[in-house]
Amino acid sequence: MTKSPDFLNWQENELHKSISRFPERKEKFTNHGGGEINRLYIPEHIDDHYTDDIGFPGRYPFTRGVQPSMYRGRLWTMRQYAGFSTAAESNKRFRYLLDHGTTGLSIAFDLPTQIGYDSDHSMSTGEVGKVGVAIDSLADMETLFDAIPLDKVSTSMTINSPAAMLLAMYVAVAEKQGASADKIKGTIQNDILKEYVARGTYIFPPKPSLRLITNIFQWCGEQTPSFNTISISGYHIREAGSTAVQEVAFTLANGITYVQAALDAGLELDHFARRLSFFFNASSDLLEEVAKYRAARRLWARIMKVRFGAKNPTSWMLRFHTQTAGSSLAAQQIDNNIVRVTIQALAAVLGGTQSLHTNSRDEALSLPTEESVRTALRTQQVIAHESGVAETVDPLAGSYYVEQLTNKIEQEASALISKIEDNGGVVRCIEEGFIQRQIENSAYEYQQEIERGERIIVGVNKFEIEEETKPPLLRVDPRVEDDQVARLREVKANRNSDQVEKCLNTLKAAATGDTNLMPPIIAAVKEYATLGEICDVLRSVFGEYREGC
Amino acid sequence: MSNTTYRVLIGKPGLDGHDRGAKFIARALRDNGFEVIYTGIRRSPEEIAAAAVQEDVAAVGLSSLSGAHIRLFPAVVECLRKAGAGDIPVIGGGVIPDEDITLLKEKGVEAIFTPGTPVDQIIAAFTAACSKHHETRNA
Amino acid sequence: MAHTSLTSLLDGLAKQDPRAIGRAISIVEDNGPEADAILLSLDRDLVKNTTVLGITGPPGAGKSTLTSQIISTCRSRGERVGIIAIDPTSPLSGGAILGDRIRMMRHSLDRDVIVRSMATRGRLGGLCGAAGAAVRIMAGAGCQRIIIETVGVGQSEMDIIRLADITALVMAPGLGDDIQAMKAGLLEVADLLVINKADMAGAETLFMDMEAVAHERADKSNRPIAVCRTVASEGKGVEELLAEIAALENQHRASGEHDRRRSRSYDLEVLDWAMEMMRPHILQKIQKDSGERWGDPKLQAANILKQMKVDHDKIS
């Protein structure tokens, strides 16, 4: 980069004079991950070709967004992740959210559901209904969506290993409501690869897991054209402590792996690619986050068009959901969290997200109360209607800093993806622990900066106060577990067990072969086979994945 | 010549897969001279206690962010007792409300740490617990 | 039982109580006051009859996963198994993360599998002694087979492997330079070569390379050492590997090689303990010496040893 005479002149005169009188706060300013931030960005920092690198919204390479007029047409979907205790309790919360202007549902399942254990399994002890709603069988799913019309509402489900089973239940409930499969809208997370590196709700080893995923791609391609078949998630990778660059790199590398798996299974690229969606984190480094979303969008467009040769522009688009960073919330002076969430949500909107979840102020302490969930939703509404940022497309484009950072993140993420591929690809890198180690090192470094006081977290390692009053917390009644187990027994007692057994045997035979598993799974859930029973059948054929193996 | 290297076990009971905190503590303990056995995620209280006994650690650290601490932490204490290792102190960490802390301590958990606690304080608690354990077992 | 008294500890040990076994290993590792009594109490025949298998290889080769599969196979044959998993101590802090346990957690509820993680603790000597003692305690507690697993990098790990009756060197494709670096040292001590992750690209090339090495290293009877293929993550090739090991073991027992190795290992442990016990005394003498420190260190060392010979009785 050659610097203009004007710049050098400014540096010699104004800048040096000023710094000698008022020294800068730090010797070096950095993003998380150690990337140095310059004092000033100038036109010489960016050598973009406008049409090729930045371009127009709704047009390749989509740096400025996936729709031509972005939020001037329709605002992002305000989608609050919720769900706890029993299906009936969660159903009440969903109806509350819909009444207050939520435009899409997002369901949290409890850990036993996410790992395919029934509520009466020994490993479910203490976990039933805790971080989400407990679903053991179709009966629970019917209660969960009672009086919520599934042909009208769009539903996102955070479910991965047993995504096929929960999707099957959703389809079955819709059918009972009179809505055919092609009417349902929503997303299943269905992203197993990030579970191995960051979130931990895996059941089966990578190979059969990828088969289940491609089975879903294929089945949904034919039956549920409006349903997003996967949400390739960087969110949890970032929560586990990665840098922004690692979040982009590992997420897109996972995306590449899914695309390749689907191609290997004989699926047609432009048919399934348009139903791929993404999910990113919104942390507090506002401008880095905006650059991150823009970089991810451009890099994915290039991967899909150049590398895979997708023809349909929809296949090149990276559409994404965003959630504000749960790990950034402090247990101290919790009202500060509202401010953090505002900055993070603003980053997501300035970065062109398609949907957004804002965390609640009390989530570092427990599940959010109804009041704090409402404030979180209101935060989005203030940004949408009062801040003015939604009135023009990609308002930060052309900022020397943001454009330079967009380029930098794209380049570094691209280099990291190449490194993964040189090391045998994502699955191999997971098995070797390469990705986990990278995340772990970043997390350790970040936490050390906080411990050493080099990174300030307001109210945690600086500006602390003695807090006396504690906010009201939402507690899950411990009796929920017993009630859920009782309900499970009742379902088992009242179903046709011969039919259940027959369905499970058919599923086992299908799993041993190579046909699509969706039809036998749907047949089984309709007979009220439990999630645990279905997963156990597959465990017996596929085996189980364990950490470090 | 007797050696005073402290051995501790860091475990994640239950189904919670958020291991950022547990891994951070494991590394921080390592960097402060501890020998740390890490069990990995998704372990039952029985497995954690059995490993702690075989490895003869001076303290066990548990982490859970899913809200299952109220059942799982006391279960580990109980399993240790059953294995004749009730003398091994158990320290817990996670998103844990105040009233639960009292309850957990009543059930034999030595100390509880919540998010935002400086790591030095946590290491000091492990050092104190290990030192006390070494003293009593060598008495 | 918490085994606060020596009697209760020895009693627990005789009853194969896991708590007592764990305590006993610590006491010996830390060179505690009850160490001698513990070691004296062990059944020598059990120690003699056990088989000690060394598993070593570069990081990422899949040693712990393979070990875990070997445990499963041995357990299905009804054998009681002990595992000593060694990880390096951080030279900066003196601490260590003992991470092999993660891969063996699935055996934690099996009372017939005893896993013990051990750090190298940066001791010049002492590791062989401590690990050797752990082998004896596990053998005394009824383990018919004991596996010592270690990353084959440093000198102390190399020594450790000499405690084993049979040593398998585990490799995997794609580890490149690590294997090159390892060739000189570890290939010398290995009795068996294992190509793990044999279903991966590059496994065949590695296999052929290792076959060549195996021929170079043909034993006295001109029989090349075996190269086995495994896919530890799926349990493939483990039976065959164990069959190779058993054949080798029978051969060693028949030819007297087994006894030769045991006595060599015995000598090594004795040396190790002796050095460990001498160390504080020598250190004390060095520190006591108030003389100026610009003479010749080697001559001073000889001087100290001469003095210690005079004071021989005081060394215990």
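The values are calculated or read from the model by the stated rules, or taken from the named source; none is laboratory data. If you're wondering where the values come from, they're calculated on a predicted model, not measured in any experiment. Every residue, glycine as well, gets a Cβ built from its backbone with ideal geometry; the counts of neighbours run over all protein chains shown.
Couple of notes before you dig in:
- All told, B:Gly92 meets the bar of being within 30 Å of C:Ile27 (Cβ to Cβ), within 14 Å of chain A (Cβ to nearest Cβ), under 10 Å from the mean Cα position of the chain (by Cα) and touching a residue at least 24 places away in the same chain (Cβ under 8 Å).
- Residue count for region C:56-83, restricted to those that are among the hydrophobic types (A, V, I, L, M, F, W, C), assigned to a strand (DSSP E or B) and within 11 Å of another protein chain (Cβ to nearest Cβ): 1
- Helices (runs of 4 or more DSSP H) enclosed by region A:189-287 - at least 2 residues per element that are among the polar types (S, T, N, Q) and over 24 Å from A:Met165 (Cβ atoms): A:244-264
- When residues in region A:54-88 are screened for being touching an Asp or Glu at 6+ places or on another chain (Cβ under 9 Å) and charged (D, E, K, R), 2 of them pass.
- Listed by first and then second residue, the pairs linking a residue in region B:25-44 that is more than 7 Å from every other protein chain (Cβ to nearest Cβ) to a residue that is in a helix (DSSP H, G or I), with Cβ atoms under 6 Å apart and 6 or more places separating them unless they lie on different chains, are B:Ala28/B:Val119.
Each row is one residue, and each column tells you yes or no for (1) touching a Phe, Trp or Tyr at 6+ places or on another chain (Cβ under 9 Å); (2) aliphatic (A, V, I, L, M).
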{"residue": "A:Leu15", "(1), (2)": "no, yes"}
{"residue": "A:Ser20", "(1), (2)": "no, no"}
{"residue": "A:Lys28", "(1), (2)": "no, no"}
{"residue": "A:Gly33", "(1), (2)": "yes, no"}
{"residue": "A:Arg39", "(1), (2)": "yes, no"}
{"residue": "A:Glu44", "(1), (2)": "yes, no"}
{"residue": "A:Gly73", "(1), (2)": "no, no"}
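- The residues of region A:460-485 that are at pLDDT 90 or above and facing another protein chain (nearest Cβ under 10 Å), listed by number, are A:Val460, A:Asn461, A:Glu464, A:Glu481.
- Residue check, C:Pro33 part of a loop (DSSP other than H, G, I, E, B) and within 14 Å of chain B (Cβ to nearest Cβ): yes
Conditions (1) at pLDDT 90 or above; (2) farther than 15 Å from C:Gly60 by Cβ, marked per residue:
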position: C:Met138; (1), (2): yes, yes
position: C:Gly142; (1), (2): yes, yes
position: C:Met182; (1), (2): no, no
position: C:Arg217; (1), (2): no, yes
position: C:Cys228; (1), (2): yes, yes
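- Applying the set (1) part of a helix (DSSP H, G or I); (2) surrounded by fewer than 20 Cβ atoms within 10 Å (Cβ to Cβ); (3) not β-branched (Val, Ile, Thr) to A:Gly398 leaves exactly one unmet item: (1).
- Conditions (1) crowded, with 16+ Cβ neighbours inside 10 Å; (2) in the same structural domain as C:Leu53 (by TED's automatic domain parsing); number of the one not met by C:Ala254: (1)
- A count restricted to region A:511-544 and to residues that are among the basic types (Lys, Arg) and more than 16 Å from A:Arg495 (Cβ to Cβ) stands at 1.
- For region A:372-392, a residue qualifies if it is surrounded by 14 or more Cβ atoms within 10 Å (Cβ to Cβ) and free of Cβ contacts under 8 Å to residues at least 12 places away in the same chain, and exactly one does: A:Arg378.
- One residue stands out in region A:519-549 among those that are among the basic types (Lys, Arg) and in a helix (DSSP H, G or I): the one that is farthest from the other protein chains (Cβ to nearest Cβ), namely A:Lys526.
- Some residue of region A:18-32 being within 30 Å of A:Ser242 (Cα to Cα) and in contact (Cβ under 8 Å) with a residue 40 or more places away in the chain: yes
- Within the set A:Val525, A:Val537, the sole residue that is buried (at least 21 other Cβ atoms within 10 Å of the Cβ) and within 30 Å of C:Asn196 (Cα to Cα) turns out to be A:Val537.
- Within region B:1-16, restricting attention to residues that are facing another protein chain (nearest Cβ under 7 Å) and surrounded by fewer than 24 Cβ atoms within 10 Å (Cβ to Cβ), the residue that is farthest from B:Val95 (Cα to Cα) is B:Met1.
- Considering region B:115-126, and only residues there that are surrounded by fewer than 18 Cβ atoms within 10 Å (Cβ to Cβ) and within 12 Å of another protein chain (Cβ to nearest Cβ), the residue that is modelled with the lowest pLDDT turns out to be B:Gly116.
- Looking across region A:125-142, the residues that are within 16 Å of A:Ala108 (Cβ to Cβ), out of contact with any Leu (no Cβ under 7 Å at 6 or more places or on another chain) and not in a loop (DSSP other than H, G, I, E, B) come down to A:Asp140, A:Met141.
- Qualifying helices (runs of 4 or more DSSP H) (wholly inside region A:310-394; at least 2 residues being over 17 Å from the mean Cα position of the chain (by Cα) and either among the basic types (Lys, Arg) or under 22 Å from A:His32 (Cα atoms) (or both)): A:336-350, A:370-385
- Close Cβ contacts (under 8 Å, 6 or more residues apart or on different chains) running from residues in region C:203-214 that are among the β-branched types (Val, Ile, Thr) to residues that are outside any helix (DSSP H, G or I) comprise C:Thr205/C:Pro173; C:Val213/C:Leu193.
- Number of the exception - B:Cys79 against (1) crowded, with 22+ Cβ neighbours inside 10 Å; (2) more than 7 Å from every other protein chain (Cβ to nearest Cβ): (1)
- Pair list, Cβ < 6 Å and 6+ apart or interchain, from region C:91-119 residues that are in the same structural domain as C:Ala133 (by TED's automatic domain parsing) to residues that are of a type in the set (S, T, N, Q) and part of a strand (DSSP E or B): C:Leu98/C:Ser117; C:Arg101/C:Ser117
- Of the set (1) charged (D, E, K, R); (2) surrounded by 13 or more Cβ atoms within 10 Å (Cβ to Cβ); (3) closer than 22 Å to C:Val47 by Cβ, all apply to C:Glu244 but (3).
- Within region C:65-79, tally of residues that are of a type in the set (Ser, Thr, Tyr) and crowded, with 21+ Cβ neighbours inside 10 Å: 3
- Looking only at region A:509-549, and only at residues there that are within 22 Å of A:Thr201 (Cα to Cα) and basic (Lys, Arg), the one that is modelled with the highest pLDDT: A:Arg539
- A:Ile420 vs. criteria hydrophobic (A, V, I, L, M, F, W, C), within 14 Å of chain C (Cβ to nearest Cβ) and either over 23 Å from C:Gly202 (Cβ atoms) or touching a residue at least 24 places away in the same chain (Cβ under 8 Å) (or both): yes
- Checking each residue in region A:85-107 for being buried (at least 19 other Cβ atoms within 10 Å of the Cβ) and under 21 Å from A:Ser231 (Cβ atoms) picks out A:Ser90, A:Phe94, A:Leu97, A:Thr102, A:Gly104, A:Leu105, A:Ser106, A:Ile107.
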